[in-house]
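**Student:** Got a structure for you, questions after.
The numbers here are math on the coordinates, done by the rules we state, and not lab data. None of these values were measured; they are calculated from a predicted model. Neighbour counts are summed over all protein chains in view; Cβ atoms, including those assigned to glycine, are modelled from backbone coordinates with ideal geometry.
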Amino acid sequence: MKIKKYDIIKKQYGNAGINNENIWQDIPSAIIDKDSYLWLNNGYKPRVEIKVFHTTESICLYFKVYEKEVAIKHTEFGSDVWKDSCVEFFINPFPEHSKEYFNIEINALGVPLIGVGKSGKDSKRYYFKQNEINNWEIIPSITEPVNGIHGKEFWTLHYKIPKSFFEEFYNKKINGKKGIANFYKCGDETKYPHFGAWSRIVNNKPNFHLPQFFGEILFL
């Protein structure tokens, strides 16, 4: 199986907000398309375009999700957001140094669940509290809970993670490093449950916590 690869370019964007479309024009996309969906065959396969760049201080992400209908029930930090209309970013910036990876799961309302560990078992992962991500910035296009049509052809999610969040954990600097990562689209308890993965997973049952199937990312 061919390994997926994504180059994360470095740029500065001045005083513009991370949800300013102009700053994303030159950023390449990673795509979750109809061939990226696994395990279920209900015909629900929304396209997702993902863009990532980094600055001296941060990693910035943009998800554009082509869903007319969404399900948002979880509004508390650290709740079961994967059951809602949700996008996810799993990353290990230093796989040669550590087997621990982060799972960053955020629903269409911008509510996050963030954990880290070597295993996908919840009992073996550390889940962050809200006061531990104070320096993050998360901007969803949907700003209130919805269960149904939200009024547009797509929804977006922009967020910015301080590099220090990862660097302090791994005790290493990110610049110029090759890491591993995967991008996901899911919605376990939506109208049409679905599981999409940028880097394909080979497993009999739904499971995103399989870092052996992550793609390669390179911080340029």
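**Student:** Read through the labelled values [x] -0.47, -0.66, -1.14; [y] -0.49, -0.70, -1.37; [z] -0.40, -0.60, -1.32 and report the label of the one computed as log10 I(q)/I(0) by the Debye sum over Cα atoms at q = 0.10, 0.12, 0.17 Å⁻¹ from the structure.
**Tutor:** Only one listed value fits the structure, namely [z].
**Student:** If a/c stays under 1.5 just call it rounded; otherwise compare a/b with b/c (prolate if a/b is bigger, oblate if not). Do that for the stretch 1-109, with a ≥ b ≥ c from the square roots of the Cα gyration tensor eigenvalues.
**Tutor:** rounded
**Student:** Suppose each label sits 7 Å from its Cα in the direction of the beta carbon; what would the N41-K173 distance come out to in nanometres?
**Tutor:** It works out to 5.2 nm between the two label points.
**Student:** Which value, in debye to the nearest 20, describes the size of the charge dipole of the stretch 33-156 about its Cα centre when Lys and Arg Cβ atoms bear +1, Asp and Glu Cβ atoms bear -1, and nothing else is charged?
**Tutor:** On the way: 15 positive and 18 negative charges, 60 e Å.
Using only the charged Cβ atoms, the result is roughly 300 debye.
**Student:** Something else about it: Please list, or write none, the aspartates and glutamates whose alpha carbon is within less than 16 Å of the alpha carbon of K124, excluding same-chain residues fewer than 8 places away.
**Tutor:** List returned: E100.
**Student:** I need the shape label for the stretch 115-171. Rule: rounded when a/c is under 1.5, else prolate if a/b > b/c, else oblate, with a, b, c from the alpha carbon gyration tensor.
**Tutor:** Because a/c hits 1.5 or more and a/b exceeds b/c, the stretch 115-171 counts as prolate.
**Student:** Continuing with the same structure: Under 28 Å between C-alpha atoms is the cut-off here; go through the stretch 135-220 and count lysine pairs that meet it, provided they're at least eight residues apart or on different chains.
**Tutor:** Taking the Cα cut-off of 28 Å, the pair count is 16.
**Student:** When only DSSP loop residues count, what GluC sites (Glu not before Pro) in the stretch 133-174 have their Cβ near at most 13 other Cβ atoms within 10 Å?
**Tutor:** On the way: sites: E137, E153, E167, E168; in loops: E153.
In loop regions of the stretch 133-174 (DSSP not H, G, I, E or B), the sparsely surrounded GluC sites (Glu not before Pro) are E153.
**Student:** Would you look at the GNM of the chain, springs on alpha carbons closer than 10 Å, and say which of Q130, Q25, Q12 moves the most?
**Tutor:** Largest GNM mean-square fluctuation: Q25.
**Student:** Ok, one more. Go ahead and set up a Gaussian network model of the chain, Cα springs under 10 Å, then flag whichever of H74, H97, H54 fluctuates most.
**Tutor:** Its mean-square fluctuation being the largest, the pick is H97.
**Student:** Could you list the trypsin sites (Lys or Arg not before Pro) in the stretch 71-108 that lie in coil according to DSSP, counting only those with at most 13 other Cβ atoms within 10 Å of their Cβ?
**Tutor:** K99
**Student:** Given a 10 angstrom Cα cut-off, can you work out which residue in I23, I72, I138 is the most mobile in a GNM of the chain?
**Tutor:** With Cα springs under 10 Å in the chain, the top fluctuation among I23, I72, I138 is at I23.
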